[in-house]
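Let me begin by presenting the structure, written as structure tokens, before commenting on it.
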Amino acid sequence: MVMLQFILGIVFIFTSPTSGEWELVDEKDNIKVYTRKTDESKYEQIKIIAKIKSPISEIVKALEDVDYHQEWVYETNETRFLNKRSYNDFDYYAKMNMPFPIKDRDIVINYNRSQEPESKVVNIISKAAPTLLDKQKKLIRIETFLSTYTLKPLPNGWVKVEYFMAADPGGKLPAWVVNLFTTKGPVATMESLITLIDSGYYRGKKAEDIID
């Protein structure tokens with residue numbers, strides 16, 4: 001969730017012995033940003049840990065309001081639902097701007113959300129579903145993508161947000177170019193999410209079947 005996030009920073013969750021150690025690369029306000037390298041991919045992984053003062057349901061509502069993603073998700077200029085099996089299991093499409101002369105990207109995402117009833121922790125998994133929609137000649141389809149959110153309630157109305165992302169953006173892009181932008185898009189998106197929640201845009205709006 002997935003999501004939508006700027007694809008240059010989207011990260012695979014790997015726990016294999018070949019994964020390197022997480023390195024703290026940025027810290028400001030309530031956001032910490034980590035990256036690491038793995039033997040499985042030439043692209044760095046990213047993890048963002050943030051704190052947001054909000055009911056969990058408002059954060060989930062923002063993440064699931066796909067039509068509004070283009071207002072705050074970094075460089076995302078088109079989003080729409082494709083298939084909605086239930087309130088917490090659906091597919092959606094997103095198109096993202098890339099800096100010239102790099103071709104713009106698009107992606108089809110399968111989104112799935114669950115909540116642990118006792119701890120109230122919310123787990124969200126978003127993954128690529130590239131064959132659900134025909135490709136467009138002017139765009140490069142992102143085919144390798146996985147991201148997760150873990151939303152954990154904290155005392156005094158705070159929520160800990162753990163955001164893991166990974167992707168192969170496709171096309172001919174040097175890894176060092178992609179890795180330069182690894183943190184830029186996801187961090188900008190997280191900052192925008194916090195600003196959006198703080199603005200009260202989703203105040204009082206509840207995501208279906210979420211317990212605060």
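The values are calculated or read from the model by the stated rules, or taken from the named source; none is laboratory data. In this text the structure is predicted, and so the values were computed from the model without any measurement. Using ideal geometry, Cβ is built from the backbone for each residue, glycine included, and neighbour counts are taken over all protein chains shown. The area values use the complete protein model at the heavy-atom level, side chains included, leaving out ligands, DNA and RNA. Shrake-Rupley method; radii C 1.70, N 1.55, O 1.52, S 1.80 Å.
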task: Kindly list, by first and then second residue, each pair from a residue in the range 35-51 that is farther than 14 Å from Gly185 by Cβ and small (Gly, Ala, Ser) to a residue that is in a loop (DSSP other than H, G, I, E, B) and open to solvent by 10 Å² or more (accessible area, probe 1.4 Å), limited to pairs with Cβ atoms under 6 Å and residues at least 6 apart or on different chains.
output: Ala50/Asn30
query: Considering only the range 141-157, how many residues are surrounded by 22 or more Cβ atoms within 10 Å (Cβ to Cβ) and in a strand (DSSP E or B)?
result: 4
message: Would you confirm whether or not the range 94-114 contains a residue that is assigned to a strand (DSSP E or B), out of contact with any Phe, Trp or Tyr (no Cβ under 8 Å at 6 or more places or on another chain) and either of a type in the set (Val, Ile, Thr) or open to solvent by 40 Å² or more (accessible area, probe 1.4 Å) (or both)?
response: yes
- request: From Lys137, Lys120, grab the single residue that is assigned to a loop (DSSP other than H, G, I, E, B) and over 30 Å from Lys42 (Cα atoms).
  value: Lys120
- prompt: Any residue at all in the range 197-211 that is of a type in the set (A, V, I, L, M), more than 20 Å from Glu40 (Cβ to Cβ) and in a helix (DSSP H, G or I)?
  reply: yes
query: Are there any pairs, at least 6 apart or on different chains, whose C-beta atoms fall under 6 Å, with the first in the range 108-133 and within 17 Å of Glu58 (Cα to Cα) and the second outside any strand (DSSP E or B) and open to solvent by 20 Å² or more (accessible area, probe 1.4 Å), and if so, which?
result: Arg113/Asn88; Lys120/Ile211
task: Determine whether Ile52 is among the β-branched types (Val, Ile, Thr), touching a helix residue (DSSP H, G or I) at 6+ places or on another chain (Cβ under 6 Å) and either within 23 Å of Ile211 (Cβ to Cβ) or open to solvent by less than 70 Å² (accessible area, probe 1.4 Å) (or both).
output: yes
Unique match (being farther than 17 Å from Val73 by Cβ, out of contact with any helix residue (DSSP H, G or I) (no Cβ under 6 Å at 6 or more places or on another chain) and surrounded by 14 or more Cβ atoms within 10 Å (Cβ to Cβ)) among Lys172, Lys184, Lys135, Lys160: Lys160
